[in-house]
Structures are given as structure tokens and as C-alpha cells.
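Worksheet: one structure, shown below.
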Amino acid sequence: MLGVGEGRIDAEGAHLFLDRLPLGGFSGNVKLLPKGVAPSPRRCHRRAPTRATPPAKKSKTKKNLLEPREEETMSDLARTVLERHSTRMFLPRPVPRDLVNEALALAQHAPSNSNIQPWRLVFVGGAARNRLKQALFSVADHEAPHIPTLPKAFEHYRYELGAEVYGSMGITIADTARRAAAVMRNFDFFGAPLAGIVSMHRDLGPADAVSVGMYLQTLMLALTARGLGTCVEVSVAGYPDVVRTELSIPPELTIICGLAIGYTDPDFPANKLHIGRDPVEKHVVFLDN
């Protein structure tokens, strides 16, 4: 196993932040969030509950940052779930590292198969992010990402989503130049100052991929609750060799997706969309007899 100073992320390290990654490997400002270490005690901004609740009893002991407060209601969670959306344009405003660390500490409590916690993440910011962007651009401008095509029965979801997103920006199907430019923004992480790459060990299976998904959703909700926008990017995983080379990700880790993190640009049309969902009955069945 190679350590951080030797230029690789090993399969046992969960979270790495890279701010100044030189070409060819890890060095410079590399920070590892130690396993089991809670973030610095810092209050995040909370939304007021929609229902009146009785005043909480004062406790003589100081509560852990990650413990829910007694006055919180389920409406806080529901509001966060509904507020989370795919941000497709970010502001250049820097992302506070302590907010991200708080969200990571919460997400680490996500369930996983046999508690193996299969998620592995590398975060890039600053010059390291820009180099990854340029490397992706250099391939994406002439080669389509290597991602699985959707089965025919599911293709309509992609077409319908594309129509909404591109339509909000005034881009028609015939406007190939603007559509191509919009696609390329994927590889700039939509301008997000912080970008993540999510992976898991190649020997793991579908149940473990589900575990990674639960972790990722928990992380995004925690970031949303702290005022940050996110966007999961499958397209970035379409160039695994580029990502692996730039970030020195070892071959035993399968790259699953990218994750853009930052403050949402409120004026960007696609950020104002409310993408619809199927009715619950289309996906869920209750059998009582």
C-alpha cells in the first residue's frame, strides 16, 4: 500500500482533499480527514420548523454536533430532501472546508453492506481542479465519454430531462453548437470550486454500489442543509483513464461518478427547474395478503 506522500490514494483512504496537485502525483497541500474524527464544533444554519414545538429541556452536557436537537422536526429533513437538486452552474465563491468536513462526518454514518463502508472519494480544488478540467477537455472535445447506453425502455427519461434542461437555457435540438458547449460544462464541473471523484473497490458488487449510493445521498443532503449545491456527474466517469492518471487513483478502484460542490448560481435558468418525479405507485407495491 502506498501512502499519500508516495503519490497515490490507497484503497483504505476514504477522503482526500487536493488543492495543489502537481502533474503526475500527490504532493503539496494534501489533507486526509482521519477516520472517526469528528469535525470542529461549528453551528450550521438551521431552518425553522414549520410546526410549533414545545421548548426543549436544557441539558447540562454539551451535545455533539452530529446529534439531532430535540426541537428539530421531520419537516427539516423533508425540506432538505426537496431542496436538493442538480446544480448546473455554480458561483466562484470558495467552499468552506469545515462545512464539507461536517457533511462528510455525517455521511460516514450511512448504512453499508457488512459495514465495509466501500466509498472512496478524492476532492480537488484550486490548481488541481483546473488541471483535471483541462485534461478532461482535451479528450472530451473529440471523444465521447465511455458510459453505458440506457436500454430502449428507459431512454425517454434522458430525452425528457434533456428537453427540460436545455429548454430552460433556450437551446434547441438544432442548435448543435450551444448544445456542445453546454455538454462541455460537465467537465468543468459546472464551475464548482470543489470537485469530487467517487469510487469503490473493483471486487465489490451491486449491494456495495447501493451502499455507495446511500452514502452519496446522505452527503448531498448534509451539504444541502449547509447551503451548498451539488451535482452528481456520470459523464466524468466516462473518461476513467484520464481521471485515474490525473489523480493517481489505483487500478483496484472503480470510478463511479464525479460530484460538483459549491454555491448555486441563483440566476442560471436550469437551476430554477423543478424536475418532476413519477408517482410512488409506479415504483412501489405493498402486498398485504
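Values quoted throughout were computed directly from the atomic coordinates according to the rules given, and no laboratory measurement underlies them. As the structure is a prediction and not an experimental result, all values here were calculated from the model.
Phi angles across the range 211-224 convert, under the Karplus curve 6.51 cos²θ - 1.76 cosθ + 1.60 with θ = phi - 60°, into 3J(HN,Hα) values of 4, 4, x, 5, 4, 5, 5, 4, 4, 5, 5, 5, 5, 4 Hz, Gly and Pro given as x.
Counting pairwise Cα distances across the range 147-281, what percent come out greater than 23 angstrom?
More than 23 Å apart: 43 percent of the Cα pairs in the range 147-281.
For residue 231, the amide hydrogen comes within under 5 Å of the amide hydrogens of 87, 260, counting only partners 5 or more places away or on other chains and with H modelled in the peptide plane. Evaluating 6.51 cos²θ - 1.76 cosθ + 1.60 at θ = phi - 60° for every residue in the range 128-136, the Karplus couplings come out as 5, 5, 5, 5, 5, 4, 5, 5, 5 Hz, glycine and proline recorded as x. Once you order the gyration tensor axes a ≥ b ≥ c over the Cα atoms, which shape class does the range 220-289 get: rounded for a/c under 1.5, otherwise prolate or oblate by comparing a/b with b/c? It comes out oblate by the Cα gyration axes. Close amide H partners of residue 257, meaning residues 5 or more places away or on another chain with modelled amide H under 5 Å apart, are 198. Taking amide H atoms as placed 1.01 Å from N in the peptide plane, the amide H of residue 268 has no partner under 5 Å among residues 5 or more positions away or on other chains. Residues in the range 178-192 carry Karplus couplings, in order, of 6, 5, 5, 5, 5, 5, 5, 5, 4, 8, 9, 6, 6, x, 5 Hz; the curve used is 6.51 cos²θ - 1.76 cosθ + 1.60 with θ = phi - 60°, and Gly or Pro positions show x.
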